[in-house]
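Dropping a structure here in structure tokens format, bear with me for questions.
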Amino acid sequence: PIYEIYAVKYAGPFRRPMAKVIWNTEWEKETEINYYIWVVKGNGETLIVDCGVTPSLAQEMNLQGYVNPAEVLARMGIEASKVKRVVITHMNFDHINGIELFPNSTFYIQEKEFNFWIKDPIARKPPFLMLSDPVGNTHLSKLEGTERLIFIKGDQVILPGIELLLAPGHTPGLQAVAVNTAKGTALVGSDCAHIFRNYEEEIPSCFIADMVSWMKTYDKLKLRVSSPDLLFPGHDMKMLTQYPKVAENITRLV
């Protein structure tokens, strides 16, 4: 089966120090990023990748340019309440806080990621706490043991032409989504890279759980993707500006 991948911007742009986005470089410079979720569509399936942020947290954080992810999805005819499958790439607030926007979905997450954020006391140390989301964590932990939470162990095909790949480094159990597209295998890499330059220069963002694993992840993903331009990062402005627009804040990546 052949799928299409869409980037759905739900907040931004945000100004960031370059050294935050590309670790330990260009300290004097700044750059801009967006917050996204992704849609994988084809073969009669609609798979959502990540959940975004709820209106209440967006208000609390004063997120500029915020639109409820469910509202943005509606612009391409997707009803969040009817979405059957959501892949959670990793458990940082901007990727899992919006879990409640998908009340009837089954969530796919690496068991390693879940166990770290929910069960490991290290996850409550300050460097992890600043990215953590108590709301999303609570929702997910309540689903443990039900049919709505599927633990993935390593690399696993979840639908024909869609495979989840364990891709640690940014977090202990981040997963990327390998998708069969008209151009070959594309990868929704989420925060394996914040921007395209992270992949090109092999320097990640400053949010690092395990640098050695992260470098191995870059090797792994580059071997899997059919061409480098099909390796999509988590926050690059270009995903909104340099791809065909299908609706306000939505572009088709491939």
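The values are calculated or read from the model by the stated rules, or taken from the named source; none is laboratory data. This structure is a prediction, so every number in the text was calculated from the model and none was measured. Note: ideal-geometry Cβ built from the backbone for every residue, glycine included; neighbour counts use all protein chains shown. Side chains included, ligands, DNA and RNA excluded: accessible areas come from the protein's heavy atoms. Shrake-Rupley method; radii C 1.70, N 1.55, O 1.52, S 1.80 Å.
Compare 91, 76 by solvent-accessible area with a 1.4 Å probe and give them largest first, with all protein chains kept in place.
The ranking, largest first, comes out as 76, 91.
For the chain, calculate the relative contact order in percent as a whole number, restricting contacts to Cα pairs under 8 Å that are 6 or more residues apart.
22
Kindly list the residues of segment 79-113 that lie in the label zone of residue 141, defined by a backbone N under 20 Å from the point 7 Å along the Cα-to-C-beta vector.
Flagged as within label range: 88-101, 107-113.
Let me ask another. With a 1.4 Å probe and every protein chain left in place, work out the accessible area per residue of the chain in Å², rounded to a whole number.
About 42 Å² of surface per residue is accessible.
Take every Cα-Cα distance within segment 73-215, group them into 5 Å bins from 0 onward, and report for each bin the whole-number percent of pairs it holds.
2, 9, 18, 22, 22, 16, 9, 3, 0
Above 18 Å lies some portion of the pair distances; for segment 120-167, what is it as a whole percent of all C-alpha pairs?
54
Based on Cβ point charges of +1 for Lys and Arg and -1 for Asp and Glu, what charge dipole magnitude is obtained for segment 104-180 about its Cα centre, in debye rounded to the nearest 20?
Its charge dipole is roughly 240 debye.
Ignoring ligands, DNA and RNA, please state the percent of accessible area on segment 53-190 from carbon and sulfur, probe 1.4 Å.
After summing per-atom areas, the C and S share lands at 54 percent.
Please work out the ratio of the alpha-carbon Rg of the chain to 2.2 N^0.38 Å and round it to two decimals.
Scaled against compact globular proteins, the figure is 0.92.
As a test of the formula, what do you get for the chain when each DSSP H run with n ≥ 4 contributes -39,500 (n - 2.57) and the sum is divided by the residue count, at 222 nm and rounded to the nearest 500 deg cm²/dmol?
After summing the helix terms and dividing by residue count, I get -6500 deg cm²/dmol.
On full extension of the chain, what length is gained from residue 248 through residue 64, given 0.36 nm per residue of separation minus the C-alpha to C-alpha distance?
This chain segment gains 64.6 nm when fully extended.
Would you mind calculating the relative contact order of segment 78-132 from Cα pairs under 8 angstrom and at least 6 residues apart, reporting the percent as a whole number?
37
Consider a paramagnetic label point 7 Å from the Cα of residue 130 along Cα→Cβ; state which residues of segment 1-33 have an amide N under 11 Å from it.
20
Residue 148 to residue 76: FRET efficiency via 1/(1 + (r/R0)^6), r the Cβ-Cβ distance, R0 22 Å, to the nearest 0.05?
In this case the efficiency is close to 0.40.
Heavy-atom accessible area of residue 30 with all protein chains present, probe 1.4 Å, nearest 10 Å²?
110
Volume per residue, Å³, of the convex hull around the alpha-carbon atoms of segment 1-74?
So the per-residue Cα hull volume is 108 Å³.
Mind checking which lysines have their Cα closer than 16 Å to the Cα of residue 41? Skip sequence neighbours fewer than 8 apart in that chain.
Here the lysines satisfying the reach criterion relative to residue 41 are 82, 84, 183, 245.
To continue, here is another question. With +1 on each Lys and Arg Cβ and -1 on each Asp and Glu Cβ, how big is the dipole of segment 152-254 about its Cα centre, in debye rounded to the nearest 20?
Its charge dipole is roughly 240 debye.
Here is a further query. Which ³J(HN,Hα) values in Hz, rounded to whole numbers, follow from the phi angles of segment 182-198 under the Karplus curve 6.51 cos²θ - 1.76 cosθ + 1.60, where θ = phi - 60° and Gly and Pro get x?
4, 9, x, 7, 10, 10, 8, x, 6, 7, 4, 9, 7, 9, 4, 4, 4
Report the semi-axes of the equivalent ellipsoid for segment 144-254 in whole Å, largest first, where each axis is √(5λ) for an eigenvalue λ of the Cα gyration tensor.
Sorted largest first and rounded, they come to 22, 19, 14 Å.
Return P(r) of segment 40-153 (all Cα-Cα pairs; 10 Å bins starting at 0; whole %; ordered from short to long distances).
13, 46, 32, 8, 0
A follow-up question, please. Using mean Cβ contacts within 10 Å as the protection proxy, how do 1-7, 121-127, 191-197, 242-248 order, highest first?
191-197, 1-7, 242-248, 121-127
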